[in-house]
Amino acid sequence: MKQIRDARILITDDNRELQKMVKEILMSEGFGKVSAAGSCAECLAYLADQIPDLVILDIGLPDGDGFGLMQEIRRRCEVPVLFLSARDEDGDRLLGLGLGADDYMTKPFLARELVLRITAILRRTYFPPGRQEEPAEVLVLGGRSVDFAAGTVRSADGETALTAKELTILKKLYENRGRIVTFDAISQAVWGDFYYGYENTLMVHIRRLREKVEENPSKPQWLVTVRGLGYKLEGEARSV
Amino acid sequence: MKSMFKITVRYLLSACALVLFLIFCNVFMLGIFTLQLYEEERTAAIDISHQNAAAEELKRDERTGEYAMSDAGMQKMKETGQAFAMLIAPSGDVVWEWRLPEEIARHYSLGDVAGFSRWYLKDYPVYVRRTEDGGLFVSGYPRDSVWRYSIEMEMGDLALFLRQSGVGFLVNLFLTFALALLFAVRFYRILKPVGQGIDALAEGKRVHFKTRGMMSDLKRKISQTSVLLDEQKKQLESRDQARTEWIAGVSHDIRTPLSLILGYAEQLERDGALPEECRKQAGMMKQQSLKIRKLIEDLNLTSKLSYHMQPLRCEKYRPAAFLRKMAAEYLNSGEMTEEYAFEFDLAEDLERMELYGDTGLLERAADNLIGNCIRHNPEGCRIRLEAKPCPADTKLCPAVPAAGPGTKASEAERKTDASGGGFWVRIADNGKGIPEDVQKMVLGSKKEEPAPEEKRETDQKPHVMGLFVVKQIAEAHGGRLWFEENGRAVCMEIRSL
C-alpha cells in the first residue's frame, strides 16, 4: 500500500443496503478496494483468502456477534478493526475497544466522519510518524518561522533558540493549530497529569514565547489568548 | 433503634406511674370507706357514749332499793341493737337485768369479771361500765355481731415497727421499680429484633426471622411482608427493565435504517451533479436525521436514567478543566459559527476543586445545554457559561432563582469549602429563551416523561427531551436543574458522587 486510498477495506454487515452505502461512500472518497461480507462466516472466508488493510465490523451479525468475530480475526492477524454498530451502550463501546478495536462508531453516522476516522486509523497503522520519513515541517508565522527539529525561531534578525518547555507548548499548539487548546491540555503536555498550580508559570512561558515568535508581543497575532479557556495558534505549516 | 429504647423507657415510667396510682387509689378508697362507716353510724353498737347514756338512765329507787331503767334508756338500748344488759353489784350478784339470756350466770366472781371484760361473755360481746355506786353495768350484744381483739405491744417494738414500716415502703417501691426494669429489659430484648426487622423493611432490605419465641406471630408477619415487598420490587424492576429494554431495542432498530437515510442524504448533499435546490433538500434531510439521532440517544438515556439502569462511571475530574475542555471542543467543532459569541467565566475558587462524577454523562448534559442555545437561536446569539463552587449543604441551594449562580453570591457562600461538595453551572444566552410550558414540563415531575398532548403544543420537542436528560444527569449527581431569566439561562448543580 503506497497510499492511504489504496487500502483494501472489508465491510462486515448483514444489512446489504448498508453494505452498499458504505461501499459507495468509500468509493466516492477514492477508496478503490472495498469488499463486503454479510456474516461472520463470509468475513472469515475472505480473511482465509487474503488479509485486508482494515475491517469494518458490525456487532449484530446473523451467525454470531462482532466481538467474537473480532477475537477470531485477532487470532489470525493484526488488521485494524473499526466497529460500526447500532449499539450505543458504553459497555459495548468499551468491550469493543477493550478487545483491541481501533475505533468504535455508532449508527447512524456521518459519512464524512466515517471517512475521516478510517483515514486516521490507516495513517496511524501504516504511515506512523517516524516510520516513514515524514517531511519535516516548519511553522510560518508571518515573517518568522519555527523549526521544530532544531528548536529555533528564525527571523530576519537571526535565530533564537526555544527552551524545552517553550518547544513543548508550541508543539502542542501546533498539533492543534487553528483550534483552541485549553490551559489544562497545554499544562498537561508540559508538566504531566499533576499539572495543577502551574497556571502562572504557563503564562510566563507564553509571554516569553510571544517575545520570540510575535512581531509585537503585546498584541499577539499568532499565539492568541482565548479568554478563560486557553490559547490558539494561527499560522500555516509549510514543508521544507 | 432509638425508638425501641424510648418505648422501653416509657414502659418503665408508666409502670412506676401505675404503682403510684394504685397506692393513691387504695388510700383514697380507704378514706371513702371510713367516712361512709361514720356517716351511716354503723359503729353505734360499740360507741361508748351510747352505752354511757344508757347506763346513766339506770336509777336506783332509794325506797325500795330496786333498780329501774327509764324509757329513754330502754329506747337507746334498743336503738343500738343491744341484746341484753345487767348490773352487777359489788357483791357479785346481778341486781338488775334486761333480756338476760338463761345461759348467762346471775353471780360473778372477780375472775369472771376480769375474763369477760376483755373478751366475750358466753360468746356474747359485752361492754362494761362502772356505775357511781360501785356496780358494773354490762351491755351485751348479739352473738357474732362484734369482733373484738385487744392489741398489746412493747413501746420499743412499736417504735421499731413504725420506723421499719417506712423502710419497708421504700423497699417495696424499689422492688417495684426493679421488677418493672427487669420486665422492660426483657420486653426490649424481645422487641429489639422485631424493631430491627421493621427498620430493615423501611430501608427496603430483605428480612427473615426464625419464627420462635414470644413474638413469633409478629416476626412471621414481618417476614411475610418482607417477602411480599421483595416480590413487588422484583416485579417493578422487571417491568422497568422490560420498558427500558424495549426502548433500547426500538432505538437500536431505528439506527440502521436511519444510517441509510443519513448516509445517502449526505451523499446527495455533496453531489455536485445535482441542482442546488436538490442538494439543499438533501442537506435538510441530513439535519433532520441528525435530530432524530439525538432524540433516540436522549430517549434511550432518559429511560435508563429513570429506571436506574445507567451505571454511573465514577471518576475524578476537575470541573474547571472539564468545562474548559467542553467549551473549547464546542468552539473548535465549527458548530459555533460567526453569529455566536461565547463568553466563559469560571470562579477563581473552582480551579482547586476536584470531584467525582461520570464525565461522559456530564459532557452529554453540557453538550445538550450549549447545543440548545445554538439550535434554538439559528440567527445567532451571545452564549455565556459561568460556574462556581456551591455551598456544601444542598439545602442552601437556591429555591429562588435569584440566589443562583450568576447573581452576586453572598459572602457566606463565597467562603464555602471549594474542595468538597459541588458546583453550579449556568449557561445563558440572550436569545429566545425556553418557553415557560417547556420549563414546567421539564421540572414538573421526577420520573414522568412529558405527556404527549402537552408536547404537541410546542414545536420544540427536542428541547424537552434534551433538557429532561440534563435534569436527570444533574439529579444523578446529587444536584438539580433550574431556569432563570425567563428560560434564557439554565442552571445546574453538580455534586461529587
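The values are calculated or read from the model by the stated rules, or taken from the named source; none is laboratory data. Computed from a predicted structure; not experimentally measured. Every residue, glycine among them, receives a Cβ derived from its backbone with ideal geometry; neighbour counts consider all protein chains shown.
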- Item | Some residue of region B:105-115 being out of contact with any Pro (no Cβ under 7 Å at 6 or more places or on another chain), in a loop (DSSP other than H, G, I, E, B) and surrounded by 18 or more Cβ atoms within 10 Å (Cβ to Cβ) | yes
- Quick one: would you say B:ARG143 is surrounded by fewer than 13 Cβ atoms within 10 Å (Cβ to Cβ) and in contact with a strand residue (DSSP E or B) (Cβ under 7 Å, 6 or more places away or on another chain)? no
- Query: Could you say which residue among B:LEU323, B:LEU262 is within 11 Å of another protein chain (Cβ to nearest Cβ), modelled with pLDDT of 90 or more and touching a Ser or Thr at 6+ places or on another chain (Cβ under 7 Å)?
  - Reply: B:LEU262
- Query: Any residue in region A:77-96 that is small (Gly, Ala, Ser), buried (at least 16 other Cβ atoms within 10 Å of the Cβ) and away from every other protein chain (no Cβ under 14 Å)?
  - Reply: yes
- Considering only region A:188-205, how many residues are part of a helix (DSSP H, G or I) and at the interface with chain B (Cβ under 9 Å from one of its Cβ atoms)? 2
- Is one or more of the residues making up region A:51-59 more than 23 Å from the chain's Cα centre (by Cα) and either buried (at least 17 other Cβ atoms within 10 Å of the Cβ) or in contact (Cβ under 8 Å) with a residue 24 or more places away in the chain (or both)? yes
- Message: Being of a type outside the set (S, T, N, Q) and closer than 26 Å to A:LEU94 by Cβ is the requirement here; does B:GLU266 meet it?
- Response: no
- Would you be able to tell me the number of residues in region A:20-50 that are closer than 22 Å to A:LEU116 by Cα and assigned to a loop (DSSP other than H, G, I, E, B)? 4
- Any idea which of A:TYR174, A:TYR104 is in a strand (DSSP E or B) and in contact with a Phe, Trp or Tyr (Cβ under 8 Å, 6 or more places away or on another chain)? A:TYR104
- Message: Just to be sure I understand, how many residues within region B:53-86 are surrounded by 15 or more Cβ atoms within 10 Å (Cβ to Cβ) and of a type outside the set (D, E, K, R)?
- Response: 15
- Message: Quick check on my filter: what residues within region A:107-117 are assigned to a helix (DSSP H, G or I) and within 14 Å of another protein chain (Cβ to nearest Cβ)?
- Response: A:ALA111, A:ARG112, A:GLU113, A:LEU114, A:VAL115, A:LEU116
- Query: Picking from B:GLN196, B:GLN232, B:GLN241, B:GLN224, which residue would you name as being closer than 30 Å to B:LEU301 by Cβ, in a helix (DSSP H, G or I), under 28 Å from the mean Cα position of the chain (by Cα) and not aliphatic (A, V, I, L, M)?
  - Reply: B:GLN232
- Item | Residue check, B:ARG313 exposed (fewer than 15 other Cβ atoms within 10 Å of the Cβ) and either of a type outside the set (Ser, Thr, Tyr) or in contact with an Asp or Glu (Cβ under 6 Å, 6 or more places away or on another chain) (or both) | yes
- When residues of region B:349-364 are filtered for being over 17 Å from A:PHE194 (Cβ atoms) and part of a loop (DSSP other than H, G, I, E, B), how many remain? 1
- Message: Can you find, within region B:328-344, the residue that is nearest to the other protein chains (Cβ to nearest Cβ) among those that are outside any helix (DSSP H, G or I) and farther than 11 Å from B:ILE383 by Cα?
- Response: B:GLY334
